[in-house]
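Chemist: The structure's right below; bear with me while I get my questions together.
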Amino acid sequence: MNSLLIDAAFSRKTPRPPVWFMRQAGRFMPQYWEIKNKYSFLEMCKTPEIAADVTMLPVDLLGIDAAILFSDILVTGEAMGGDLSFTQGVGPRFANPVRNAADIDALETNCVHKLQYVADAIKVIQQRLNKSIPLIGFAGAPFTVMSYLVEGGSSKDFKLTKLLIHNEPELAHRLLAKIAKVTIDYLNMQIAAGVNAVQLFDSWALALSWDDYSEFSHRYNVEIISKLNRKDVPVISFCKGSSVFAPLMADAKPDVISIDWNVDLKDIKNRLPNNIAVQGNLDPHILYADKKVIKERIHRLFERMRGEDGFIFNLGHGIMPDIPFDNVKYAIEVVKEFRY
């Protein structure tokens, strides 16, 4: 297996940084749309062969160093009892938002069997990868999943979620504890099914103040990471806001912290324990730019990180849908040609 990603995640020396991109199997690819136009998003997630087809697109077309399971962070919320749908141009919606104690009590926690389609997809993908590169599994972190359940979908200001944590913190903790239990079961199911690494996505942590992040996000991420069957399986912790929260995120003892683009990567690496690798942190908007700019920015980052073990090249967040495919392919070629 090309184990660049696993080696870098465990802070071992690599001849170059490994590369994969968040949202690498997605809407910027014409081949993705050929599949998406035939099926709903949830059908794609829940049909192992289709999930495998989409997962393999960047493997076959871009030559990245790791595949990431095609799924969604909200499948745990659906398994717990959320009525989930995805609408083009609107995004995810829960038709039965969680707003009170009765709603929270109604959510199931012994529900990982409902996510068996993910384990089935992992097995199909691993057959197709045939040990060529690692497969990354993932889950949404409790605060982020809670925000969708409470708001009923995406939100700009997370007003209802913040009202819950500020006015009824005990209810918020009850909900978060339930999501955390499901998330532990779900990630351990993925590990048992054969993923080679896992990433915890706390996509909306940046909405929180330091104290609220510590109480309503970080403590549950600590619990999840501590209960994973992680022998030989590196754990990557990602949040929007990691440039702020990274020192606290390190307390959860992940193997890798994925860093957004708002900070100097070497500076933050030097502030973390030696055994924690970093992932990131190119601003994805660079991929709209001319190729000479893309190359210059990647090389600038690599020269900054020269001599540092434990560095996975990625974006500070996911690829936007209208980034030119050729630019993404070029960026990966630039990375793969680089040698320390």
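Chemist: For region 95-107, does any single residue satisfy the condition of being outside any helix (DSSP H, G or I), surrounded by fewer than 19 Cβ atoms within 10 Å (Cβ to Cβ), in contact with a Ser or Thr (Cβ under 8 Å, 6 or more places away or on another chain) and at positive phi? Before the answer, list the steps.
Modeler: Quick first cut of region 95-107, residues outside any helix (DSSP H, G or I) only: 95-100, 107.
Checking the rest, the ones that are also surrounded by fewer than 19 Cβ atoms within 10 Å (Cβ to Cβ) come to 95-97, 99-100.
Those still in the list that are in contact with a Ser or Thr (Cβ under 8 Å, 6 or more places away or on another chain) too: 95.
Adding the requirement that they be at positive phi leaves none.
Within region 95-107, none of the residues are outside any helix (DSSP H, G or I), surrounded by fewer than 19 Cβ atoms within 10 Å (Cβ to Cβ), in contact with a Ser or Thr (Cβ under 8 Å, 6 or more places away or on another chain) and at positive phi.
Chemist: Would you be able to say whether some residue in region 132-139 is at negative phi and open to solvent by 70 Å² or more (accessible area, probe 1.4 Å)? Talk me through it step by step, then tell me what you get.
Modeler: Looking only at region 132-139, we keep the residues that are at negative phi, and these are 132-139.
Adding the requirement that they be open to solvent by 70 Å² or more (accessible area, probe 1.4 Å) leaves none.
No, there is no match, as no residue in region 132-139 is at negative phi and open to solvent by 70 Å² or more (accessible area, probe 1.4 Å).
Chemist: So which residues in region 16-31 are within 16 Å of A66 (Cβ to Cβ) and either touching a helix residue (DSSP H, G or I) at 6+ places or on another chain (Cβ under 8 Å) or open to solvent by less than 10 Å² (accessible area, probe 1.4 Å) (or both), if there are any at all? Don't jump to the end; show me each part of the working.
Modeler: To start, the set of residues in region 16-31 that are within 16 Å of A66 (Cβ to Cβ) comprises 16-26.
Once the filter is applied, which keeps residues that are within 16 Å of A66 (Cβ to Cβ) and either touching a helix residue (DSSP H, G or I) at 6+ places or on another chain (Cβ under 8 Å) or open to solvent by less than 10 Å² (accessible area, probe 1.4 Å) (or both), region 16-31 yields R16, P17, P18, V19, W20, F21, M22, Q24, A25, G26.
Chemist: Do we find a residue being free of Cβ contacts under 8 Å to residues at least 12 places away in the same chain, under 17 Å from V59 (Cα atoms) and either in a helix (DSSP H, G or I) or open to solvent by 40 Å² or more (accessible area, probe 1.4 Å) (or both) anywhere in region 317-332? Outline the logic, then answer.
Modeler: In the first step, residues of region 317-332 are kept if they are free of Cβ contacts under 8 Å to residues at least 12 places away in the same chain; the result is 326.
Next, only the ones that are under 17 Å from V59 (Cα atoms) stay: 326.
Okay, now just the ones that are also either in a helix (DSSP H, G or I) or open to solvent by 40 Å² or more (accessible area, probe 1.4 Å) (or both), so 326.
Yes; the residues of region 317-332 include at least one that is free of Cβ contacts under 8 Å to residues at least 12 places away in the same chain, under 17 Å from V59 (Cα atoms) and either in a helix (DSSP H, G or I) or open to solvent by 40 Å² or more (accessible area, probe 1.4 Å) (or both).
Chemist: Moving to a separate point now. Only one of T55, T76 is assigned to a helix (DSSP H, G or I), in contact with a strand residue (DSSP E or B) (Cβ under 7 Å, 6 or more places away or on another chain) and under 25 Å from S147 (Cβ atoms). Can you tell me which? So that I can check it myself, show each step before the final result.
Modeler: Numbers: T55 fails: under 25 Å from S147 (Cβ atoms).
Testing whether each residue is assigned to a helix (DSSP H, G or I), in contact with a strand residue (DSSP E or B) (Cβ under 7 Å, 6 or more places away or on another chain) and under 25 Å from S147 (Cβ atoms) leaves just T76.
Chemist: I'd like to check something: does region 114-128 contain any residue that is of a type outside the set (F, W, Y), touching a residue at least 40 places away in the same chain (Cβ under 8 Å) and not in a helix (DSSP H, G or I)?
Modeler: No, because not a single residue in region 114-128 is of a type outside the set (F, W, Y), touching a residue at least 40 places away in the same chain (Cβ under 8 Å) and not in a helix (DSSP H, G or I).
Chemist: Quick test for you: out of I268, I276, I298, pick the one residue that is under 18 Å from I64 (Cβ atoms) and at pLDDT 95 or above.
Modeler: Working: I268 fails: under 18 Å from I64 (Cβ atoms); I276 fails: under 18 Å from I64 (Cβ atoms).
Sole residue among the options that is under 18 Å from I64 (Cβ atoms) and at pLDDT 95 or above: I298.
Chemist: Is it true that F28 is of a type outside the set (G, A, S), in contact with a Pro (Cβ under 6 Å, 6 or more places away or on another chain) and not in a loop (DSSP other than H, G, I, E, B)? Give the derivation first.
Modeler: Numbers: of a type outside the set (G, A, S): yes; in contact with a Pro (Cβ under 6 Å, 6 or more places away or on another chain): yes; not in a loop (DSSP other than H, G, I, E, B): no.
Judged against the criteria, F28 is not a match.
Chemist: Those residues that are without any contact (Cβ under 8 Å) to a residue 24 or more places away in the chain and surrounded by fewer than 16 Cβ atoms within 10 Å (Cβ to Cβ), I need them from region 36-66; list them, please.
Modeler: At the first step, the residues of region 36-66 found to be without any contact (Cβ under 8 Å) to a residue 24 or more places away in the chain are 36-39, 43, 50, 53, 60.
Scanning region 36-66 gives N37, K38, Y39, E43, D60.
Chemist: Just the residues that are aliphatic (A, V, I, L, M) and either part of a helix (DSSP H, G or I) or without any contact (Cβ under 8 Å) to a residue 24 or more places away in the chain (or both), please, taken from region 193-250. If you could, list the steps in order and put the result at the bottom.
Modeler: Filtering region 193-250 for residues aliphatic (A, V, I, L, M) gives 193, 195, 197-198, 200, 205-208, 222, 224-225, 228, 233, 235-236, 244, 246, 248-250.
Matches in region 193-250: A193, A205, L206, A207, V222, I224, I225, V244, A246, L248, M249, A250.
Chemist: Residue check, G280 against (1) touching a residue at least 40 places away in the same chain (Cβ under 8 Å); (2) buried (at least 21 other Cβ atoms within 10 Å of the Cβ), all met but one. Which one?
Modeler: (1)
Chemist: Kindly provide the set of residues from region 138-191 that are assigned to a loop (DSSP other than H, G, I, E, B) and closer than 18 Å to L228 by Cα, ordered by number.
Modeler: In the first step, residues of region 138-191 are kept if they are assigned to a loop (DSSP other than H, G, I, E, B); the result is 141, 152, 154-158, 168.
Listed by number, the list holds a single entry, A141.
Chemist: What is the one condition in (1) open to solvent by 20 Å² or more (accessible area, probe 1.4 Å); (2) touching a helix residue (DSSP H, G or I) at 6+ places or on another chain (Cβ under 7 Å); (3) not charged (D, E, K, R) that F158 does not satisfy?
Modeler: (1)
The values are calculated or read from the model by the stated rules, or taken from the named source; none is laboratory data. The model shown is predicted, which means the values in this text are computed figures rather than measured ones. In this analysis, Cβ positions are derived from the backbone assuming ideal geometry, glycine residues included, and neighbour counts consider all displayed protein chains. Only protein heavy atoms, including side chains, enter the accessible area calculation; ligands, DNA and RNA are left aside. Shrake-Rupley method; radii C 1.70, N 1.55, O 1.52, S 1.80 Å.
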